[in-house]
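Peer 1: Quick one: the structure is below, and I'll ask about it shortly.
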Amino acid sequence: MLKRINIVLGKTGAGKSYFVKNKIIPNIKGNLIIFDVMNEYFYNNFLICNDYYSFLNLLKWKKRHFKIIVKTSNINEIFNIQSFIFKYLKDITIILEEAFIYLNNNIYDFINFGRHKNICLVLIGRRGSEFRSEILALTEKIFIFKTTSFYDIIYYKKIFGLNDTDLEKLKNLETGQYLEFTI
């Protein structure tokens, strides 16, 4: 189902997080790290960390298989965790809820060089314009939920080359419905 770089887009309340929780996460068999600044993810079998040092401590005793939710909104902590992941981890899926918060040089390293370490990304956001063109150019799969903003509709037509029929569908999708595009 997932490709190396995946983007989930749609307006607030369209069902993006529900989709990720119920369709994407259950199908991830390997290691997983979720960056969840909005506190939307709760799983009994997931480890929770609130800062860089608790993240390192979790990895010390959970060396092979792990599922971790990072719950900090501190930009320095996030940057340090992302730096560690890029330097030392491989064979992992990273989910970024409200991805625009995390878009820094580390994420661009994941995007540009993550294929060498088998890093899969799932970027979740409200608008395609939140993502720089280099991210969109390397994205392999896009899930777009309901979008009604005129600006977003024009943007999707221009950037993703969507036709008028698909654009009309985007405006009329029900909560939880999406259009899937493999690029």
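Peer 1: Name the helices (runs of 4 or more DSSP H) wholly within segment 91-183 that hold at least 1 residues that are under 19 Å from the mean Cα position of the chain (by Cα)? Even if it seems obvious, please write down each step before you answer.
Peer 2: Numbers: elements: 105-113, 133-138, 150-160, 164-172.
Once the helices (runs of 4 or more DSSP H) in segment 91-183 are filtered for at least 1 residues that are under 19 Å from the mean Cα position of the chain (by Cα), what remains is 105-113, 133-138, 150-160.
Peer 1: Now for a separate question. For segment 49-92, how many residues meet the condition of being modelled with pLDDT of 90 or more, more than 19 Å from Cys120 (Cα to Cα), surrounded by fewer than 18 Cβ atoms within 10 Å (Cβ to Cβ) and of a type in the set (A, V, I, L, M, F, W, C)?
Peer 2: The total comes to 1.
Peer 1: From the list Leu173, Leu167, Leu89, Leu121, exactly one residue is over 29 Å from Phe42 (Cβ atoms) and not charged (D, E, K, R). Which is it? Break it down stepwise before answering.
Peer 2: Numbers: Leu173 fails: over 29 Å from Phe42 (Cβ atoms); Leu89 fails: over 29 Å from Phe42 (Cβ atoms); Leu121 fails: over 29 Å from Phe42 (Cβ atoms).
Answer to the selection: Leu167.
Peer 1: Here's a check for you: in segment 138-150, which residue that is within 14 Å of Lys3 (Cα to Cα) and aliphatic (A, V, I, L, M) is modelled with the lowest pLDDT?
Peer 2: Narrowing segment 138-150 to residues within 14 Å of Lys3 (Cα to Cα): 138-143.
From the residues that got through so far, the ones that are aliphatic (A, V, I, L, M) too are 138, 142.
Numbers: Leu138: 84, Ile142: 91.
In this case the residue turns out to be Leu138.
Peer 1: Restricting to segment 127-172, name every residue that is surrounded by 15 or more Cβ atoms within 10 Å (Cβ to Cβ), under 27 Å from Arg115 (Cβ atoms) and of a type in the set (S, T, N, Q).
Peer 2: Once the filter is applied, which keeps residues that are surrounded by 15 or more Cβ atoms within 10 Å (Cβ to Cβ), under 27 Å from Arg115 (Cβ atoms) and of a type in the set (S, T, N, Q), segment 127-172 yields Ser129, Thr139.
Peer 1: What strands (runs of 3 or more DSSP E) completely inside segment 1-56 contain at least 3 residues that are over 27 Å from Lys146 (Cβ atoms) and more than 15 Å from the chain's Cα centre (by Cα)? Working first, answer last.
Peer 2: Values: elements: 5-9, 31-35, 47-49.
Where strands (runs of 3 or more DSSP E) fall fully within segment 1-56 and carry at least 3 residues being over 27 Å from Lys146 (Cβ atoms) and more than 15 Å from the chain's Cα centre (by Cα), they are 47-49.
Peer 1: Next up: Within segment 1-22, how many residues turn out to be surrounded by fewer than 13 Cβ atoms within 10 Å (Cβ to Cβ) and either touching a helix residue (DSSP H, G or I) at 6+ places or on another chain (Cβ under 9 Å) or more than 20 Å from Gly128 (Cβ to Cβ) (or both)? Outline the logic, then answer.
Peer 2: Taking segment 1-22 and keeping what is surrounded by fewer than 13 Cβ atoms within 10 Å (Cβ to Cβ), we get 1, 12-13, 22.
Applying the additional criterion that residues be either touching a helix residue (DSSP H, G or I) at 6+ places or on another chain (Cβ under 9 Å) or more than 20 Å from Gly128 (Cβ to Cβ) (or both) yields 1, 22.
Going through segment 1-22 one residue at a time, the tally reaches 2.
A quick yes/no check of all residues on (1) within 24 Å of Lys29 (Cβ to Cβ); (2) of a type in the set (Asp, Glu):
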| site | (1), (2) |
| --- | --- |
| Ile94 | yes, no |
| Glu98 | no, yes |
| Phe113 | yes, no |
| Ile124 | yes, no |
| Glu134 | no, yes |
| Ile154 | no, no |
| Phe160 | no, no |
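Peer 1: For Thr175, state whether it is surrounded by fewer than 17 Cβ atoms within 10 Å (Cβ to Cβ) and modelled with pLDDT of 90 or more. Explain how you work it out, then say what you get.
Peer 2: Numbers: surrounded by fewer than 17 Cβ atoms within 10 Å (Cβ to Cβ): yes; modelled with pLDDT of 90 or more: yes.
Criteria met by Thr175.
Peer 1: Hey, does segment 31-43 have a residue that's crowded, with 16+ Cβ neighbours inside 10 Å, in contact with a Cys (Cβ under 6 Å, 6 or more places away or on another chain) and at pLDDT 90 or above?
Peer 2: Scanning segment 31-43 turns up no residue that is crowded, with 16+ Cβ neighbours inside 10 Å, in contact with a Cys (Cβ under 6 Å, 6 or more places away or on another chain) and at pLDDT 90 or above.
Peer 1: Pairs under 7 Å by beta carbon, first residue over 15 Å from Ile142 (Cα atoms) in segment 87-101, partner small (Gly, Ala, Ser) and in a loop (DSSP other than H, G, I, E, B), six or more apart or different chains?
Peer 2: If the second residue must be small (Gly, Ala, Ser) and in a loop (DSSP other than H, G, I, E, B), the pairs left are Asp91/Gly30; Ile92/Gly30; Thr93/Gly30.
Peer 1: Related question: Considering only segment 17-32, state which residues are aliphatic (A, V, I, L, M) and in contact with a Leu (Cβ under 8 Å, 6 or more places away or on another chain). Break it down into steps so the answer makes sense when it comes.
Peer 2: Residues of segment 17-32 aliphatic (A, V, I, L, M): 20, 24-25, 28, 32.
Result: Ile24, Ile25, Ile28.
Peer 1: Report yes if some residue within segment 112-122 is among the small types (Gly, Ala, Ser), touching a residue at least 12 places away in the same chain (Cβ under 8 Å), surrounded by 12 or more Cβ atoms within 10 Å (Cβ to Cβ) and farther than 21 Å from Asn22 by Cα; otherwise report no. Quick ask: steps written out before the conclusion?
Peer 2: Keep residues of segment 112-122 that are among the small types (Gly, Ala, Ser), which gives 114.
Subset that is touching a residue at least 12 places away in the same chain (Cβ under 8 Å): 114.
The next check asks that each one be surrounded by 12 or more Cβ atoms within 10 Å (Cβ to Cβ); those that pass are 114.
This time we only want the ones that are farther than 21 Å from Asn22 by Cα, so: 114.
Yes, because at least one residue in segment 112-122 is among the small types (Gly, Ala, Ser), touching a residue at least 12 places away in the same chain (Cβ under 8 Å), surrounded by 12 or more Cβ atoms within 10 Å (Cβ to Cβ) and farther than 21 Å from Asn22 by Cα.
The values are calculated or read from the model by the stated rules, or taken from the named source; none is laboratory data. The shown structure was predicted, so the numbers you read here are calculated from the model rather than taken from an experiment. Because the Cβ atoms are built from the backbone with ideal geometry, glycine has one as well, and the counts that use them run over all protein chains shown.
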